[in-house]
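**Q** The following block contains the structure, expressed as structure tokens.
The values are calculated or read from the model by the stated rules, or taken from the named source; none is laboratory data. Remember, predicted model here, so these are calculated numbers, not experimental data. Here Cβ is always computed from backbone atoms with ideal geometry, including for glycine, and neighbour counts include all displayed protein chains.
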Amino acid sequence: MRALTQQTSVAAVLLIAAGMLSACSSQEPPAAEPVAAAPVERPVQQAPPQEVPEAEDWDTNPPATGVLTLEDINRQGILKAIYFYYDSADIRPDQRATLQANAQFLRENAQVRVLVAGHCDERGTREYNMALGERRAAATMQYLVSLGVPRERIEIISYGEEQPAVPGSSESAWSQNRRAQFQAIGN
Amino acid sequence: MASDRSKTISRRALMTGSVALGALAALAPASSTSAWASGAQQQQGEIYLELRNRVRSAITVALPPLSLVPGAEGEATVLHEVLRNDLHHSMVFEVVDPEFYPALPAGDQPPDFVAWRRTGAEALVRGFVRREGNNVLVEFRIYDVQSGQQVIGKRYGDEVPPAEAIVSNSALRALAHLFSDDAVLYYTGIPGVASTHIAYVSNRRGPKEIYVMDYDGHGVTRITNDGGLALSPAFSPAGDRIAYVTYRFHDGVPNVDIAMLNKLGGVPPVIARSAGQDTSPDWSRDGSRIAFSSTMDGLRDGNAEIYTMRPDGSDLQRITSSSAVDTSPTFSPNGREIAFISDRAGGQHLYKMAIDGTNLERLRVEGSQVDSPSWNPNPQISDLIAYAASEGGNSFQIFVYSLTTRKSVKLTQGYGRADSPSWSPDGRQIVFEASQGDQNHVYAIGFDGSRLRQLTREGNNQTPSWGGR
């Protein structure tokens with residue numbers, strides 16, 4: 001796995017991630033994102049990166065190797081999932097902050113490429129959801145590009161309804177399954 | 001009705017007249033009885049009226065228990081049960097209620113046909129089974145009850161050396177399937193489908209992989225080991241290959257590609273690996289082309305178009321060119337047309353076009369959010385397209401649309417979501433998936449909505465494709 005050189009901004013984002021880890025179950029990629037995030041009506045609670053303590057805090061608690069691998073990025077959930085309205089591939093206003101944080105991380109870590117995976121809830125037919133998942137991934141990609149992430153560093157894929165983050169047929173499960181997930185990938 | 005007359009009429013109907021009718025009459029053999037329009041069929045509700053009105057009567061058949069030599073009771077029971085189900089599900093036969101069967105003579109004496117005529121059966125199936133060492137010897141005959149003539153006789157096991165004796169349950173089932181298919185062939189001119197298989201996706205062992213089962217749900221085998229996601233199997237018409245969608249990793253990154261399984265085993269080679277998503281493969285009936293949906297030319301916005309290629313991935317041709325999402329292609333039986341789903345008019349609708357993309361026509365079928373079309377592969381009833389559609393809200397059911405009458409018939413009822421219909425090779429049955437609660441299973445149903453049965457029980461199961469032998 002490709003290793004990343006340590007940067008101040010990485011440290012900043014990492015600290016956000018570390019602070020949020022208590023609310024998240026740690027899972028191995030490419031498994032589902034933590035399920036605690038983002039019901040439909042409520043904006044994601046996310047601290048803006050600039051409010052995070054500066055680099056000296058990082059220096060007190062460095063990783064043993066001093067580098068951040070792709071595995072680290074994915075395991076620590078640095079790139080957060082975003083969520084969609086039913087049967088829609090439009091970027092929700094309350095999800096923009098998450099995308100801005102993801103974009104900033106990607107801008108500041110030019111070695112990181114990202115796979116954006118679009119997912120759907122179980123309603124509607126399977127083939128329709130396969131297309132909808134791809135539209136969600138494509139819309140997410142375009143938003144990242146508009147925030148300055150080079151297009152060639154983004155791959156997209158759709159899983160349709162085939163890999164729900166949360167099982168079940170409740171509105172709660174559906175709202176967490178309509179999502180785009182981000183996975184750091186190598187060059 | 002004399003069997004030779006019945007045979008003549010039904011074969012003629014299947015091969016000539018029915019084409020002009022363009023109707024489901026071709027599906028059922030000719031007969032003088034009214035069994036089809038009576039009894040249980042009448043209880044299935046008005047939605048089947050349209051289909052039933054186009055269907056002629058099935059052949060009534062009596063299937064008494066097999067005559068046996070002591071020691072073969074178990075084999076006789078398996079053979080009888082499997083054959084009874086095969087004949088019933090073939091949509092060609094109507095098995096007469098055994099309550100009214102007269103006694104059969106012991107051994108190989110001729111049946112009392114006068115008594116058998118009173119059962120209303122046109123055909124009488126006699127079976128004989130005995131064990132000889134490790135071998136099992138089986139014989140099936142069909143008599144025309146009116147004339148008393150034997151019209152089919154098949155013996156199995158005579159030439160089988162003891163080491164390969166027919167003793168396993170699956171071998172006995174296969175034998176009953178063979179005879180049922182022979183019986184259907186005799187009465188309709190087209191082999192039955194009891195010996196065919198169905199490919200589908202199941203998560204019963206964890207990741208979604210491709211499985212294959214007998215047409216009746218027995219004999220389940222997992223055939224992929226992708227470890228990630230394997231989806232949307234498409235069985236070749238010859239039954240020797242399966243195209244499917246794989247999420248295989250390339251340099252650590254998954255991509256949505258189409259891979260090809262064959263009976264030789266090994267890692268299935270990828271035949272379509274574009275930068276986009278390559279999905280929903282479908283075979284032409286002659287096995288020479290695969291149609292699929294891909295975003296290879298629409299990477300920016302996820303815009304899918306319809307393409308075709310040879311089964312080895314060569315000779316790629318783009319068929320559609322629109323700013324809308326075009327998916328779910330299905331070949332017409334003659335390979336000259338493709339039906340597909342597009343949202344070019346807003347919402348999802350069913351279209352058909354010539355194989356070169358010309359002569360585009362929207363088919364105004366019943367239901368909304370139309371998806372997963374499957375064109376009937378039988379050239380004699382090629383006016384039928386099965387599909388899934390919403391009947392309102394999130395309830396999706398299976399419908400059949402006739403290009404001749406321009407009408408749809410709803411085949412299923414009460415499921416949360418029925419999806420992914422696929423015709424049997426003879427076009428008389430449909431396999432599909434449906435959800436009830438949090439269970440998703442594969443079911444089969446007759447073309448008229450009768451003879452519904454559940455084929456899978458374990459795990460969740462989806463996207464069946466009915467293939468060849």
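**Q** If you scan region B:429-441, which residues turn out to be at pLDDT 95 or above and not small (Gly, Ala, Ser)?
**A** Of everything in region B:429-441, those that are at pLDDT 95 or above and not small (Gly, Ala, Ser) turn out to be B:429, B:430, B:431, B:432, B:433, B:440, B:441.
**Q** Here's something else I'd like to know. Checking residue B:226 against (1) outside any loop (DSSP other than H, G, I, E, B); (2) within 13 Å of chain A (Cβ to nearest Cβ): exactly one of these is not met. Which one?
**A** (1)
**Q** Could you check region B:257-289 and list, in sequence order, the residues that are within 12 Å of chain A (Cβ to nearest Cβ) and on the phi < 0 side of the Ramachandran plot?
**A** B:257, B:275, B:276, B:277, B:278, B:279, B:281, B:282
**Q** When you go through B:108, B:112, B:97 one by one, which is the residue that is of a type in the set (Asp, Glu), modelled with pLDDT of 50 or more and within 27 Å of residue B:452 (Cα to Cα)?
**A** That would be B:97, the only listed residue that is of a type in the set (Asp, Glu), modelled with pLDDT of 50 or more and within 27 Å of residue B:452 (Cα to Cα).
**Q** So, one more: Could you count how many residues in region B:423-469 are in contact (Cβ under 8 Å) with a residue 40 or more places away in the chain, over 15 Å from residue B:214 (Cα atoms) and polar (S, T, N, Q)?
**A** 4
**Q** Scan region A:90-111 and tell me whether some residue there is within 11 Å of chain B (Cβ to nearest Cβ), without any contact (Cβ under 8 Å) to a residue 60 or more places away in the chain and not hydroxyl-bearing (Ser, Thr, Tyr).
**A** no
**Q** Sort out which residues of region B:414-425 are more than 12 Å from every other protein chain (Cβ to nearest Cβ) and in a strand (DSSP E or B), and write them in order of number.
**A** Correct list: B:422, B:423.
**Q** Can you spot a residue in region B:339-351 that is buried (at least 20 other Cβ atoms within 10 Å of the Cβ), in contact (Cβ under 8 Å) with a residue 60 or more places away in the chain and within 14 Å of chain A (Cβ to nearest Cβ)?
**A** No: region B:339-351 contains no residue that is buried (at least 20 other Cβ atoms within 10 Å of the Cβ), in contact (Cβ under 8 Å) with a residue 60 or more places away in the chain and within 14 Å of chain A (Cβ to nearest Cβ).
**Q** Are any residues in region B:107-143 more than 15 Å from residue B:63 (Cβ to Cβ), crowded, with 18+ Cβ neighbours inside 10 Å and acidic (Asp, Glu), and if so, which ones?
**A** none
**Q** With respect to the numbered conditions (1) in contact with a helix residue (DSSP H, G or I) (Cβ under 7 Å, 6 or more places away or on another chain); (2) more than 13 Å from chain A (Cβ to nearest Cβ), which one is the sole condition not fulfilled by residue B:411?
**A** (1)
**Q** Say we look at region A:113-146 and pick out the residues that are in a strand (DSSP E or B) and either among the β-branched types (Val, Ile, Thr) or more than 10 Å from every other protein chain (Cβ to nearest Cβ) (or both); which of these is nearest to residue A:68 (Cα to Cα)?
**A** A:114
**Q** Follow-up question, since we're still on this one. Taking the residues in region B:426-469 that are among the β-branched types (Val, Ile, Thr) and out of contact with any Asp or Glu (no Cβ under 6 Å at 6 or more places or on another chain) as candidates, determine which candidate is farthest from the other protein chains (Cβ to nearest Cβ).
**A** Among those residues, the one meeting the criterion is B:445.
**Q** Take residue B:324 and tell me if it is part of a loop (DSSP other than H, G, I, E, B), within 14 Å of chain A (Cβ to nearest Cβ) and either out of contact with any Cys (no Cβ under 8 Å at 6 or more places or on another chain) or not polar (S, T, N, Q) (or both).
**A** Spelling it out, residue B:324 is indeed part of a loop (DSSP other than H, G, I, E, B), within 14 Å of chain A (Cβ to nearest Cβ) and either out of contact with any Cys (no Cβ under 8 Å at 6 or more places or on another chain) or not polar (S, T, N, Q) (or both).
**Q** Another question, then. Does region B:368-408 hold any residues that are within 11 Å of chain A (Cβ to nearest Cβ) and part of a loop (DSSP other than H, G, I, E, B), and which are they?
**A** B:393, B:394, B:395
**Q** A follow-up question, please. Could you please find all residues in region A:147-187 being within 9 Å of chain B (Cβ to nearest Cβ) and under 18 Å from the mean Cα position of the chain (by Cα)?
**A** A:151, A:155, A:156, A:157, A:158, A:159, A:160, A:163, A:183, A:185, A:186, listed by residue number.
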